[in-house]
Amino acid sequence: FTATLFSMSYMEKEAQDGRLRPGMLQRYYVLLQVFAFTMVAVLMVENLGLMWVGVEATTLASTLLVAFYFNRSALEAAWKYVMVCNVGILLALLGTILLYYTQVSAGVGPALSRLALTAAAGRLDPFLVKLAFVFILIGYGTKAGLAPMHTWLPDAHSQAPSVVSALLSGALLNCAFLGILRALQVCDAAGLAGFARN
């Protein structure tokens with residue numbers, strides 16, 4: 001909400017400085033609201049599969065905001081951002097699929113429900129839960145900017161509008177970190193807290 005309020009004066013200044021072409025302002029506000037919606041969706045869903053979909057949606061919406069000015073630097077930053085983050089998100093998907101496989105093998109339902117996974121964590125295959133956690137940690141860790149997978153951060157933050165950069169730091173990285181915490185909850189419930197925390 002505060003980012004949207006600040007956007008009004010920020011974009012007015014950008015227009016006065018001649019950095020905005022016709023149609024850019026409308027595109028900015030639509031993308032900003034889509035970006036905010038996808039981040040809220042990540043926080044609201046209980047299903048780990050839908051959470052992955054939400055995090056991927058945040059990537060798509062924020063990529064268009066990083067590339068907002070459509071100059072060479074912004075497009076290069078957006079390209080790096082989308083490539084690095086999508087590789088990470090694909091690894092998180094692999095970890096999520098492994099959790100689903102071990103859940104189905106144990107006969108636990110509903111599919112990818114965080115509550116069902118934690119309630120029946122003792123029946124899950126420990127090796128697959130560990131492997132899933134590693135993929136989820138690396139995957140969402142890339143999106144959260146954990147070193148050494150943080151190479152997209154400087155370019156994306158320097159090229160995005162300041163309001164978008166603030167949302168990337170203050171909200172988006174936390175959405176990805178929440179994915180790691182959800183997987184950590186499953187590991188804790190499965191008796192693998194030592195492995196996951198190390």
- Take the Cα atoms of the chain, find their three principal axes, and give me the spread along each one in whole Å, biggest first. 62, 29, 21
- At a Cα cut-off below 26 Å, give the lysines reachable from residue 80, other chains included and same-chain residues fewer than 8 away excluded. 143
- Item | Cα shape, segment 49-143, gyration tensor, a/c 1.5 rule | prolate
- Would you mind pulling out the separation of the Cα centroids of segment 152-184 and segment 1-59, in Å? 12 Å
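If contacts are Cα pairs under 8 angstrom and at least 6 residues apart, what is the relative contact order of the chain in percent?
Relative contact order comes out at 25 percent.
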- Note on the structure: For residue 127 the rounded accessible area (nearest 10 Å², probe 1.4 Å, non-protein molecules ignored) is 130 Å²
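Over the chain, average the accessible area per residue using a 1.4 Å probe and give it in Å², no decimals.
Values: 9550 Å² over 198 residues.
Per residue, the chain has an accessible area of 48 Å².
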- Message: Given a 1.4 angstrom probe, I'd like the percentage of the accessible area of the chain that is carbon and sulfur, rounded to a whole number.
- Response: 68 percent
- Relative to the longest principal axis of the C-alpha atoms of the chain, give the angle of the C-alpha long axis of helix 126-144, reported between 0 and 90° and rounded to the nearest 10°. 10 degrees
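With a ≥ b ≥ c taken as the square roots of the eigenvalues of the C-alpha gyration tensor of segment 124-198, please select rounded if a/c is under 1.5 and otherwise prolate if a/b is larger than b/c or oblate if it is not? Walk me through the numbers before you get to the answer.
Values: a/c = 3.86, a/b = 2.58, b/c = 1.50.
Cα axes put segment 124-198 in the prolate bin.
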- Message: Compute a Gaussian network model of the chain, connecting alpha carbons closer than 10 Å, and tell me which residue from 53, 129, 66 fluctuates the most.
- Response: 53
- Task: Round to the nearest 10 and give me the degree value, 0 to 90, for the angle of helix 48-66's Cα axis relative to the longest principal axis of the chain.
- Result: 20 degrees
- Note on the structure: So the angle from the long Cα axis of helix 24-44 to the longest Cα principal axis of the chain, reported in degrees to the nearest 10, equals 20 degrees
- Treat every Asp and Glu Cβ in the chain as -1 and every Lys and Arg Cβ as +1, leave all other atoms uncharged, and give the resulting dipole magnitude about the Cα centre to the nearest 20 debye. 100 debye
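The values are calculated or read from the model by the stated rules, or taken from the named source; none is laboratory data. The model shown is predicted, which means the values in this text are computed figures rather than measured ones. No Cβ is skipped: glycine too gets one built from the backbone with ideal geometry, and neighbour counts run over all protein chains shown. Surface areas here come from the heavy atoms of the whole protein model, side chains and all, with no ligands, DNA or RNA. Shrake-Rupley method; radii C 1.70, N 1.55, O 1.52, S 1.80 Å.
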